[in-house]
Amino acid sequence: MSISDRFTELAHIRDSLGSLAADPSRVVMEKILSPTEAVIDGKPTILVGTNNYLGLTFDPDLIDAACTAMHEQGTGTTGSRMANGSFFSHAALEEEFAKFYDMPSAMLFSTGYQTNLGLLMGLLRPGDKVVLDAHSHACIYDGCRISGADFFAFKHNDAGDLRKRLRRMGPDAEGALVIAEGLYSMLGDTAPLAELCAVAKEYGAWFMVDEAHSFGIYGETGRGLCEEAGILDQVDFITGTFSKSLASLGGFCVSRHPEMRLLRYGSRPYIFSASSSPANIAAAHAALRAVRDRPDLKERLWANAERLHAGLSGLGYKLASAPSPVIAVRVPSHEEAARTWNELLASGIYVNLVVPPAAPDGESLLRCSLSAGHSFDQIDRIVAGFEAAFGGAPQPLAHAAGAR
Amino acid sequence: MSSEPKDLDRDILETLLGSLERFPTKSGELTAQTDLSADLSLDSVSMMEILVEIEDHYDISLPLNMMANVTTVQDLVDQIKPLVESTS
């Protein structure tokens, strides 16, 4: 394909969204009023699709820490961690993550996407075997693809299918890498991590979990679904991002294997990307302290999630999962999903419009992500907004929830 | 599998054609040279369904990275064959 053919292909994708009059890329936040509200098209709009789970983006502690770091360390590092971009603040945050997880290794990356890309490109070589959940994020697929490893998908959240895949590998299963996520970002369902980990270990495989959407939200101390599943002493690699619960930009990987730190010498995204800015690192560090010291944030988030789930279920909508910080309304018709998304936006409610192939299972989704910063009044206005946008029609039709 | 190597190509091809016949072709003809994307307009979900059927039939796992080398039905046969042979 030539570059001009590729431009034609991209224009076709844009036009297909345009025909639905629902191109999400046209949404510009003209003024950010709070973690849960912004001005869009000149109108104050409730944000319920920003992954700002703990609502910390305007937290005074984070803002003070970021401003102080910028004054003391400058606006950027202007280099990678392997050159001039390792500041004391990066090292301190790595130590804090290692301590928080009680694990010997922690590494920071410049974005969440680069964290998975960096870990997988550093760990895997052509001929290695990977088995990943079919609903894995694009950065996991991309990391596997670029590494040259042979990678196989197991059916979403299906430990039996994972077992079948590992069995078929024969002796190659020993030493393979199994990958799952904690909370899946589109449907809002969670992985049966204890089961998946047990299957991986039975075959002598390594086990990696991406906690991008579950860090700070699940587990007694906020360490994610691995903590909740009781497998922190068995999982080999945990990755996460700063751009959701931690209200910043960057990512982390922790491991119970001290050797993981050796990836500094062999992970190209780590070696060749500028490190996160001092302000981003300071904000993430302050947010990590908030995860540790302010459990009320998590409690408020869960109360909001339960309230929205109950409200939308009460209207008879078909929701993609049990209550979680991601609540997705399934809409079989893409046109109806786009029309409703436009209606919601026009009424001052921003959700995510997700159409295939980004939406699994062939249906479109109107995806909400909750925040500890939402008020109950906002949640009730969101529910009322959905009811008005669907025009009181019984579409999408009832039957709620898969298993959590 | 009990198939002789010389028959394995044909066996895999027939199995694949059997799975693909429920999808209409633009030319109206389904052969080893049919382009999976251009002639059949298989979307990614349908393609995954077909692959799972083949995997279960032969009790093999097809690596997703192999799809970069697949355009026609015969290309897919060529990728599947060594995996089936290795389980014989």
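For the reader, a short list of remarks on this structure follows.
- Per residue of the protein assembly as shown, the DSSP helices (runs of n ≥ 4 H) give a summed -39500 (n - 2.57) that works out to -13000 deg cm²/dmol at 222 nm.
- Sequence-ordered 3J(HN,Hα) estimates for segment A:345-358 from the Karplus curve with 6.51, -1.76 and 1.60 and θ = phi - 60° stand at 5, 5, 8, x, 10, 9, 10, 9, 8, 10, 10, x, x, 5 Hz, glycine and proline given as x.
- Contour excess over end-to-end distance, with Cα ends at A:A274 and A:E220 and 0.36 nm allotted per residue: 16.0 nm
- Label-point separation in nm, A:K31 to A:A198, each point 7 Å along Cα→Cβ: 5.6 nm
- Counting, for every residue in B:61-72, the Cβ atoms of other protein chains within 10 Å of its Cβ and taking the mean gives 4.
- Within the shell defined by Cβ-Cβ distances under 10 Å, the residues around A:S214 carry a net charge of -3, with Lys and Arg each +1 and Asp and Glu each -1.
- The C-alpha atoms of chain B define a longest principal axis, and helix B:73-87 lies at about 20 degrees to it.
- For chain A, built as a Gaussian network whose Cα springs stay under 10 Å, the top-fluctuating residue of A:L262, A:L124, A:L62: A:L262
- Prolate/oblate/rounded call for the protein assembly as shown, Cα gyration tensor, a/c under 1.5 rounded: oblate
- Among A:C67, A:C197, A:C253, residue whose mean-square fluctuation peaks in a GNM of chain A (springs only between Cα atoms under 10 Å): A:C67
- Take every Cα pair under 8 Å whose residues are at least 6 apart in sequence, average their separation, divide by the length of segment B:4-87, and the relative contact order is 37 percent.
- Placing R0 at 56 angstrom, the Cβ-Cβ distance between B:L17 and A:A322 gives a FRET efficiency of 0.85 after rounding to 0.05.
- Remark: relative contact order (chain A) = 22 percent; criterion is Cα-Cα distance under 8 angstrom and separation of 6 or more residues.
- Segment B:S27-B:S41, length gained on full extension (0.36 nm per residue, minus Cα span): 3.9 nm
- Karplus 3J(HN,Hα) series, Hz, for segment A:34-49 with 6.51 cos²θ - 1.76 cosθ + 1.60 (x for Gly, Pro): 5, x, 10, 8, 8, 8, 10, 6, x, 10, x, 10, 6, 9, 9, x
- Given their separation in residues at 0.36 nm each and the Cα-Cα distance between them, A:A384 and A:F58 gain 114.7 nm when the chain is fully extended.
- Choice from A:G362, A:G49, A:G385 showing the highest fluctuation, given a GNM over chain A with Cα pairs closer than 10 Å: A:G362
- Each Lys or Arg adds one and each Asp or Glu subtracts one; over the other residues with Cβ under 11 Å from the Cβ of A:S371, this totals +1.
- Put in order of Cβ neighbour count within 10 Å, fewest first, the listed residues A:I3, B:I50 become A:I3, B:I50.
- Projecting label points 7 angstrom from Cα along Cα→Cβ for A:D377 and A:D296 puts them 1.9 nm apart.
Every number in this text was worked out from the coordinates using simple rules, so none of it is lab data. Note that the coordinates shown come from a computational prediction; the quantities given were computed from them, not determined experimentally. Neighbour counts run over all protein chains shown; Cβ positions are idealised from the backbone, glycine included.
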